[in-house]
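K.L.:
Pasting a structure below so you can have a look.
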Amino acid sequence: MSIFEAIVIAIVEGITEFIPVSSTGHMVIASSFLGIAKDDFTKLFEVAIQLGAILSVVVLYRKKFFPLNRWNFYIKLLVAVIPALALGALFSDKIDDLLESPLTVSITMLVGGLVLLFIDKLFQSPSIEQEEKITLGKALVIGLWQCVAMIPGVSRSAASIIGGMQQKLTRNLAAEFSFFLAVPTMAAATGYKLLKAWKTNPDMLTQTDNLIALAVGNLVAFVVALLAIKFFIGFLQKHGFRLFGWYRLIAGTILLVLVLTGYLK
């Protein structure tokens, strides 16, 4: 992977990780266009640069994450992340196979787009405006919703935000809790991928070019994600999810045409 390719994929990750358009799906598309979709290091890179993205959440919401004695907050995140950890451990290989499929991404992009077109009308009576009022039960349900995003193209943020809204959280709080939940979820996924890579192919993590690509990728993902989160919260307050729904429908249609015509495989 070249530095240019690393920067392109990191920009895609930073922009799309926290908005409901599927970062994984977009990285699959980007790597396919770059011709590196089936490279082992690319698969690792697309997960590892999430560390940069989640660091942006910790920085932006540092008052939530620090000091470390906010036990109720951390227990909620722990409860919410358990379903993803369990299913991720059970179906890791199957998920890896799906990550190589632009067809899967195109279909889930279209389905997700249809959902987002109507999601604002489905949940119009939120009653929870503060994170402190989210119960452990609600946190667990949101965590179960997040598991739907193990299918590439679904969008982790969209799944967990919809889960939050279904549990009576306001749009903004559902989005923020989705950001919080991303930290343990993606940290665990990244740690697992790095450990697996170290056991199966340690040379991949000791090559200078790969280490530089990871460093650059995480830095770019961090900066871009900072900007994306600020934009998303402001946009969500004014406009809701409908525009993201239309975007997914258009992007999914284009991708499906490219797959069916053989341009992307």
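What follows is calculated from the coordinates using simple rules that are stated; it is not laboratory data. A quick note: this is a predicted structure, and the numbers were derived from the prediction, not measured. FYI the Cβ positions are ideal-geometry reconstructions off the backbone, even for glycines, and counts take in every protein chain you see.
K.L.:
Over the stretch 88-193, what portion of Cα pair distances is larger than 17 Å, expressed as a whole percent?
P.N.:
In whole percent, the share of Cα-Cα pairs in the stretch 88-193 beyond 17 Å is 55.
K.L.:
Can you compute the helix-only [θ] at 222 nm over the chain? Use -39500 (n - 2.57) per DSSP H run of at least 4 residues, normalise by all residues, nearest 500 deg cm²/dmol.
P.N.:
For the chain, the value works out to -25000 deg cm²/dmol.
K.L.:
In addition: Just to be sure I understand: with springs between alpha-carbon atoms less than 10 Å apart, which residue in 81, 115, 220 has the highest mean-square fluctuation in the Gaussian network model of the chain?
P.N.:
Answer for the Gaussian network model of the chain: 115.
K.L.:
If packing is taken as the average number of other Cβ atoms within 10 Å across a peptide's residues, how do 125-137, 13-25 rank, most packed first?
P.N.:
Highest to lowest by the protection proxy: 13-25, 125-137.
K.L.:
In square nanometres, what is the average projected area of the Cα convex hull of the stretch 3-260?
P.N.:
13.0
K.L.:
Give the peptides 206-219, 50-63 in descending order of average Cβ contacts within 10 Å, highest first.
P.N.:
Top to bottom by mean Cβ count within 10 Å: 50-63, 206-219.
K.L.:
Among the complete DSSP H segments of the chain, which ones combine at least 24 Å of alpha-carbon extent along their axis with a mean Kyte-Doolittle hydropathy of 1.0 or more?
P.N.:
71-90, 102-122, 208-239, 242-260
K.L.:
Hull surface divided by four, with the convex hull built on the Cα atoms of the stretch 147-236: how many nm²?
P.N.:
6.9
K.L.:
Enumerate the amide H contacts of residue 154 below 5 Å, restricted to partners 5 or more residues apart or on another chain; note that Pro and chain-start residues carry no placed amide H.
P.N.:
none
K.L.:
Follow-up. When the scattering of the stretch 1-154 is computed by the Debye formula from its Cα atoms alone, each counted once and equally, what is log10 I(q)/I(0) at q = 0.15 Å⁻¹?
P.N.:
-0.97
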